[in-house]
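The values are calculated or read from the model by the stated rules, or taken from the named source; none is laboratory data. Quick caveat, the model's predicted, so the values are computed rather than measured. Cβ placement follows ideal geometry from the backbone for every residue including glycine, while neighbour counts extend to all protein chains displayed.
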Amino acid sequence: MERKVRVRFAPSPTGALHIGGVRTALYNYLFARQRGGDFILRIEDTDSTRYVEGAEEYIMESLEWCGIKIDEGVREGGPHAPYRQSERKEIYLKYALQLVESGHAYYAFDTPEELNALRAELEAKGETFCYNYSVREQLATSLRLSAEEVEERKARGDQWVIRFKMPENEVVKMDDLIRGHVEMNTSTLDDKVLYKSADALPTYHLANIVDDHLMEISHVIRGEEWLPSLPLHYLLYRAFGWEESRPEFAHLPLLLKPTGQGKLSKRDGDKLGFPVFPLKFVAPSGEVSRGYREDGYFPEAFINMLALLGWNPGTEQEIFNMDELIEAFSLERVGKSGARFSPDKAHWFNAQYMHTRDNEELADIYLAQLNERGITIEREKALRIVAQIKMRATFPEEFWGLSSFLFEAPTAYDEKATKKYWKADAPRIMGELKTILEGIEEFTTEELEKVCGAWIAANEIPMGLVMNAWRLCIVGEPKGFGMYDMCAVLGKDETLTRLNAALSTLPSTL
RNA sequence: GGCCCAUUCGUCUAUCGGUUAGGACGCAAGAUUUUCAUUCUUGAAAGAGCAGUUCGACUCUGCUAUGGGCUGCCA
């Protein structure tokens with residue numbers, strides 16, 4: 001029996017989604033698409049205290065920018081709507097109570113303050129507090145209290161939670177698609193809270209299992225930080241009697257900081273000088289975090305870079321578009337150890353995409369940049385310029401710096417370049433060049449190359465001599481692209497004006 | 001502290017018992033070029049340590065070390 005592949009990306013709207021989260025979403029998406037399955041976006045907002053305004057929209061906009069398309073979600077709807085856990089509140093209590101009735105869970109009336117005090121007390125003695133079989137019958141739980149007393153407490157408004165009754169000394173055997181077989185003894189685990197009366201909301205564990213079951217999720221692909229709670233999740237599926245349809249699990253290795261220790265965190269971005277978020281994010285507090293999009297990354301490059309961080313195709317191919325990723329992806333080839341994020345590699349990926357980018361698209365960007373500087377040129381000209389400068393750029397932001405000389409005639413001549421290229425014959429050769437250029441009617445790259453090339457060949461002028469001197473006259477610095485291309489863009493008048501200016505400014509004899 | 005996961009060049013990684021341990025980023029040198037860049041060539045650069053299994057171990061096992069995660073009425 002082949003089960004339909006259905007995966008979900010289930011972020012919490014507690015702030016901007018960082019690139020580790022984007023990668024998790026991407027792997028889920030690739031897996032689903034490859035298997036002809038569905039990709040679901042579920043918002044896990046069961047912690048009312050950590051909710052951040054705008055985070056949900058941010059998540060959806062990020063996925064959209066990345067080219068990750070959602071099949072079912074809060075915006076798209078779907079057969080299992082709603083997809084926001086806060087809107088599914090009433091579903092969870094029923095399941096929590098079912099567990100209490102079947103003896104897999106119990107009520108606990110300890111207040112957070114009491115528990116903190118208990119923890120602190122034991123810590124002072126050098127011991128660690130674990131809410132499990134060893135204490136649950138001594139504390140204020142339905143395991144110790146009588147049924148009447150439990151009802152009484154509930155009736156008088158005492159806050160309560162429902163905790164999972166973790167079995168004592170049982171080895172849970174689990175399978176992970178990436179890590180293989182994993183075993184854990186339940187005695188080291190604690191009785192996790194599943195449901196809290198304070199806000200009538202479940203915790204992650206309950207909501208997650210219930211929703212994955214209800215939404216018929218076939219594969220859970222998530223971060224490694226969830227591995228320690230996998231036994232709990234296995235046990236929950238068993239307690240509910242859902243083992244038959246329990247999804248398969250794959251725990252992804254974490255993304256680590258480029259330098260230093262620890263996993264990549266939200267605060268690393270500005271500190272290390274690279275974005276950790278796909279998009280710029282303005283927190284309600286006003287704090288601004290930079291994003292890949294705003295930093296000039298192409299979504300395709302960003303996705304390509306992220307896909308290769310922790311996964312590899314087993315071949316030497318490194319450049320993949322989304323379709324190729326879908327085709328090549330496999331969970332078996334996801335690495336087991338944490339991957340350190342590398343800003344250098346991210347730059348390289350973007351440069352690769354920049355070099356092969358469509359000129360039309362880049363021209364749009366370029367024209368807009370010029371417009372901001374009050375410069376207007378024909379689209380056809382922008383196309384030609386962009387074709388040249390994209391080979392030299394990593395980000396669109398570099399366009400102006402790579403082409404500003406086209407709009408600003410030199411006001412001075414670089415000293416070093418002058419010394420190096422304005423040699424004895426230069427004034428005479430440039431003078432001759434001027435005459436040649438004046439005779440060219442059609443000032444195009446092809447025509448310039450034909451006429452000037454013939455003149456250079458006929459007079460056996462060293463290529464380096466003429467070109468470098470020419471460049472000095474036109475640009476004033478050792479910058480720019482091909483001389484014929486540059487002069488064609490500048491046009492005959494401007495080219496001659498600059499040449500004349502240079503001839504009258506630079507020494508005529510040496 | 002306890003539990004779990006991991007460990008190949010500086011970084012991302014290939015290798016699924018027998019290889020001169022391969023590729024990419026970055027770095028260095030050189031070549032090409034008309035500046036810059038691109039491109040190309042070359043170079044430096046790795047199996048954490050110690051035992052064991054085996055004819056043979058980067059690959060399997062154990063221990064140690066190191067790194068990471070979890071240990072919340074957070075996800």
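The set of residues from segment A:76-134 being among the β-branched types (V, I, T) and either within 36 Å of the chain's Cα centre (by Cα) or crowded, with 17+ Cβ neighbours inside 10 Å (or both) comprises A:I91, A:V100.
Exactly one residue out of A:A426, A:A412 is under 46 Å from the mean Cα position of the chain (by Cα) and within 18 Å of A:S508 (Cβ to Cβ): that is A:A412.
Any chance you could count how many residues in segment A:367-395 are of a type in the set (G, A, S), surrounded by fewer than 17 Cβ atoms within 10 Å (Cβ to Cβ) and within 21 Å of A:H355 (Cβ to Cβ)?
Total meeting the criteria: 2.
For A:L465, the conditions (1) free of Cβ contacts under 8 Å to residues at least 12 places away in the same chain; (2) not in a loop (DSSP other than H, G, I, E, B) are fulfilled apart from (1). Take the conditions (1) touching a residue at least 24 places away in the same chain (Cβ under 8 Å); (2) assigned to a loop (DSSP other than H, G, I, E, B); (3) touching a strand residue (DSSP E or B) at 6+ places or on another chain (Cβ under 8 Å); A:D199 misses just one of them, which is (3).
Of all residues in segment A:215-242, those being surrounded by 15 or more Cβ atoms within 10 Å (Cβ to Cβ), more than 27 Å from A:V74 (Cβ to Cβ) and more than 10 Å from RNA strand B (Cβ to nearest atom) number 3. One residue stands out in segment A:174-207 among those that are β-branched (V, I, T), under 30 Å from the mean Cα position of the chain (by Cα) and near RNA strand B (Cβ under 7 Å from one of its atoms): the one that is modelled with the highest pLDDT, namely A:T203. Across segment A:341-366, the number of residues qualifying as loosely packed, with under 13 Cβ neighbours inside 10 Å and near RNA strand B (Cβ under 7 Å from one of its atoms) comes to 2.
In segment A:47-55 there is at least one residue that is outside any loop (DSSP other than H, G, I, E, B), buried (at least 18 other Cβ atoms within 10 Å of the Cβ) and within 16 Å of RNA strand B (Cβ to nearest atom).
Is there a residue being of a type in the set (S, T, Y), closer than 30 Å to A:E2 by Cα and surrounded by fewer than 19 Cβ atoms within 10 Å (Cβ to Cβ) anywhere in segment A:261-273? No, because not a single residue in segment A:261-273 is of a type in the set (S, T, Y), closer than 30 Å to A:E2 by Cα and surrounded by fewer than 19 Cβ atoms within 10 Å (Cβ to Cβ). Taking A:S245 as the residue in question, decide whether it is surrounded by fewer than 19 Cβ atoms within 10 Å (Cβ to Cβ), away from RNA strand B (no atom under 15 Å from the Cβ) and not hydrophobic (A, V, I, L, M, F, W, C). So A:S245 passes the test.
Taken as a whole, the condition of being charged (D, E, K, R), within 23 Å of A:F302 (Cα to Cα), touching a strand residue (DSSP E or B) at 6+ places or on another chain (Cβ under 9 Å) and away from RNA strand B (no atom under 15 Å from the Cβ) applies to A:R33.
Suppose the filter is farther than 30 Å from A:T14 by Cα and either away from RNA strand B (no atom under 15 Å from the Cβ) or basic (K, R) (or both); does A:K69 pass it? No: the conditions fail for A:K69. No other residue among A:A239, A:A301 is within 30 Å of A:V172 (Cα to Cα) and assigned to a helix (DSSP H, G or I) apart from A:A239.
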